[in-house]
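The values are calculated or read from the model by the stated rules, or taken from the named source; none is laboratory data. Model, not experiment: these values are computed from the prediction. Please note: Cβ atoms are built from the backbone with ideal geometry, for glycine as well, and neighbour counts cover all protein chains shown. Just the protein is used for accessible areas: all its heavy atoms, side chains included, with ligands, DNA and RNA removed. Shrake-Rupley method; radii C 1.70, N 1.55, O 1.52, S 1.80 Å.
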Amino acid sequence: MEFILASLFLVIGSCLVFEFVLWGASKFIRRINLSPLRSAPNVLPIGLREYQSGVKRVSTTSGQVRKPSKRSKKQLKIAVFGGSAAQGYTSERSISEILAVFLKRHDPRAELYVANYAFAGCSFHRGQAELLKAVIDDYDVFVVYAGNNEGSPYFKNNGIWSVEPPKDRTYPDAVVAMRVAEERQILENWWSSFDIGAFFETRSRLYAFLVRVVAKSMSIIERSGRSARAAETAGQSRSNSVAAGDGPKLRDRGKLYPDPFMRDPILPADELSRLVRCFADDLDGICRQLKAKNKTLFYSTVVTNESSPPFFSLTDKDWGAGDAEHATAVANDAQRLIDESRFQSAIDLIASEFGLDNDAAIFNHLVGQSLRSLGEHEKSHAFLRKSIDHDGLYFRSTNKIHDAAKEVVENHDNAFFIDTVGEFQKAIDNGWSWDDVYNDINHATFAGNALIARNLANALIEGLALGDASGRGDLVQGRDLSPAAVEDLARLMGLTDSEKRTNRFMAARWHIGLSVASAYPNYLLGRAATLLDEFESLIDEKDLLSLVYLNLFRSLIPALKGDAEKAMTYANRAYSMHPEVVSAIMAGEGHYISSLPICSVSDVFRDGEVRYSPERGFHAGP
């Protein structure tokens with residue numbers, strides 16, 4: 001048996017080598033171009049795996065994914081950088097893919113290559129900036145869509161997203177980026193130019209066949225072994241699960257939600273000033289390097305969903321005992337008035353108690369929401385942006401980053417600043433709703449990415465003088481992109497119900513997961529319920545796994561609201577469909593509600609009124 005297996009591997013290996021040699025002999029020797037991460041799908045099927053990030057490369061010159069041409073003088077090579085928003089998280093298509101379509105539409109004869117180097121959770125400073133430097137010689141134009149992940153290095157270094165801070169106090173993203181740059185240089189020195197990885201990914205028919213065989217085999221093995229794994233992991237103690245890193249991270253002394261008003265922000269003020277300075281320094285350095293190489297940069301700050309409330313507000317330094325409780329009561333009364341459509345009364349209440357020039361994030365949010373409902377759009381945006389700037393959890397792109405980037409970019413004649421935030425505000429004023437264009441606080445829907453890509457495309461067309469000059473004055477602005485035009489684009493790009501289904505679920509997960517870090521979870525949980533309803537409408541009745549996830553995650557919403565009976569109804573419905581899957585999720589396996597390690601599914605039921613056991617399912621605690 002061993003001889004047969006060895007012979008089989010030898011034959012397969014020989015065939016792969018022979019196929020590669022034949023391909024290499026037919027091509028000129030080319031220098032290797034190592035990508036920082038290998039290509040990964042934009043969305044994954046719903047399963048026990050987390051969403052995975054990676055480079056999503058798009059070529060508009062052929063149907064194959066390939067490296068940019070080293071010989072073509074006409075091919076315009078564009079690289080996109082950023083975090084999950086640029087990568088296309090929770091959207092059926094990323095901004096880079098839509099950007100390529102818009103550019104190709106403008107000039108069908110253009111030779112374009114668009115590569116997306118963005119990946120989830122990565123800051124631009126000390127992270128994506130280093131990746132950009134690693135591939136600076138391979139592209140002509142660099143598009144940066146960033147600004148909301150700049151606190152990530154601090155969060156990672158100080159254990160905000162994990163149980164304990166890492167022992168290595170350096171920037172994790174920078175370590176990865178520098179390792180990639182070093183490996184790239186080593187490979188360029190030792191290998192001539194055969195890009196073996198790209199060959200196997202895009203050219204080798206035998207390799208593609210073997211990948212399909214292995215994937216099918218692993219799927220069969222996973223299904224057959226799921227019950228055994230679930231039984232084994234379900235018996236582990238809950239204390240071991242917490243020690244492994246499944247406990248909630250942003251809770252204070254065991255509380256589920258933060259207080260509405262707290263004295264200290266998650267990101268200290270001095271750290272915020274430092275990261276803005278580091279961000280500006282990195283952006284300025286890249287602009288200088290690109291200018292020396294006669295290359296161009298286009299920068300846009302990530303748009304933040306203004307309809308989402310802050311995570312919590314900060315107390316004024318002069319507040320005494322009882323002031324935070326009074327402020328909370330005023331915020332609750334103002335919210336009640338808004339729910340009753342008494343918007344001016346809500347504004348008057350806040351103005352009489354704290355004035356309209358206060359820095360409390362929740363007050364600015366409530367005033368902004370009221371002004372929007374009254375039709376005062378321009379004023380509403382100012383208050384809503386101020387709410388984002390003063391949020392106790394620095395998790396969104398603020399005006400500090402926006403203004404710092406604008407100042408840097410405008411000092412370089414080879415760089416262009418694109419005010420996508422302003423364009424989105426005008427799009428909202430023109431009739432789009434935030435629910436239409438955003439899945440959550442930072443990640444756009446397909447429609448939202450279309451608006452972003454339209455603005456980027458217009459800037460590239462005008463800044464680089466692409467195509468026929470006579471048509472540049474007739475470009476459609478992102479704010480004027482109609483729902484009908486977005487639908488046409490979706491059909492052109494082949495969006496499927498499967499992609500829409502997966503992204504609705506991922507967005508619902510995101511809202512539920514972040515709700516435990518918010519003092520105002522009702523908005524997030526309400527939006528999650530709507531997304532799960534949309535997810536349900538796209539599920540086939542035979543898709544058992546999706547139905548299990550639908551009911552289990554639907555149970556989290558009433559559980560987090562304290563409705564134990566309703567939570568048990570949904571949760572036991574999932575348990576009755578597939579006990580093994582539910583047991584695996586509840587046993588841990590790092591299965592967090594959202595992609596951030598804040599709170600796992602089992603955490604919600606661990607200390608609440610609803611408990612779980614593999615034998616009984618979900619039942620009243622303890």
Subject >> Given Lys295/Lys400; Lys291/Lys406; Lys104/Lys406; Lys156/Lys295; Lys317/Lys386; Lys317/Lys379, the pairs whose alpha carbons are separated by over 25 Å >> reply: Lys295/Lys400; Lys104/Lys406; Lys156/Lys295; Lys317/Lys379
Original post:
Sequence-distant or interchain residues sharing an amide H contact under 5 Å with Val302, placed H: which?
Top reply: Ala146, Gly147, Asn148
Subject >> Heavy-atom SASA rank of His443, His619 (probe 1.4 Å, accessible area, largest first) >> reply: His619, His443
Subject >> Inter-probe distance in nm under a simple model that places probes 7 Å from Cα toward Cβ, at Glu462 and Asn157 >> reply: 3.9
Original post:
Taking the C-alpha atoms of region 368-463, how large are the radius of gyration and the largest Cα-Cα span, Dmax, in Å?
Top reply: 14.4, 42
Original post:
On the accessible surface of region 71-116, probed at 1.4 Å, how many percent belong to carbon and sulfur atoms?
Top reply: 49
Original post:
So between Ser576 and Asp138, what do we pick up on full extension, going 0.36 nm a residue minus the alpha carbon distance?
Top reply: 152.3 nm
Subject >> Charge dipole of region 334-439 about the Cα centre (unit charges at C-beta), most positive-ward option of His377, Ala405, Phe416 >> reply: His377
Subject >> Solvent-accessible surface ranking, highest first, for Asp413, Asp435, Asp603 at 1.4 angstrom >> reply: Asp413, Asp435, Asp603
Original post:
In nm, what is the difference between 0.36 nm times the number of residues separating Lys561 and Arg491 and their Cα-Cα distance?
Top reply: 21.3 nm
Subject >> Residues of region 350-371 with amide N under 16 Å of a point placed 7 Å along Cα→Cβ from Thr328 >> reply: 361-363
Subject >> Of all accessible heavy-atom area on region 285-414, the percent that carbon and sulfur account for (1.4 Å) >> reply: 45
Original post:
Using r as the Cβ-Cβ distance of Ala110 and Ser613, and R0 as 45 Å, what FRET efficiency do you calculate, to the nearest 0.05?
Top reply: 0.15
**OP:** Place a +1 charge on the Cβ of each Lys and Arg in region 307-449 and a -1 charge on the Cβ of each Asp and Glu, then give the dipole magnitude about the Cα centre in debye, rounded to the nearest 20.
**Re:** 180
Subject >> Stretchable slack from Asn294 to Ala382, in nm (0.36 nm times residue separation minus alpha-carbon distance) >> reply: 27.9 nm
**OP:** Please identify which residues in region 74-88 have an amide N closer than 16 Å to a label point set 7 Å out from the Cα of Asn414, following the Cα→Cβ vector.
**Re:** 77-79
Original post:
Which whole-number value in Å² is the accessible area per residue of region 342-383, probe 1.4 Å?
Top reply: 46
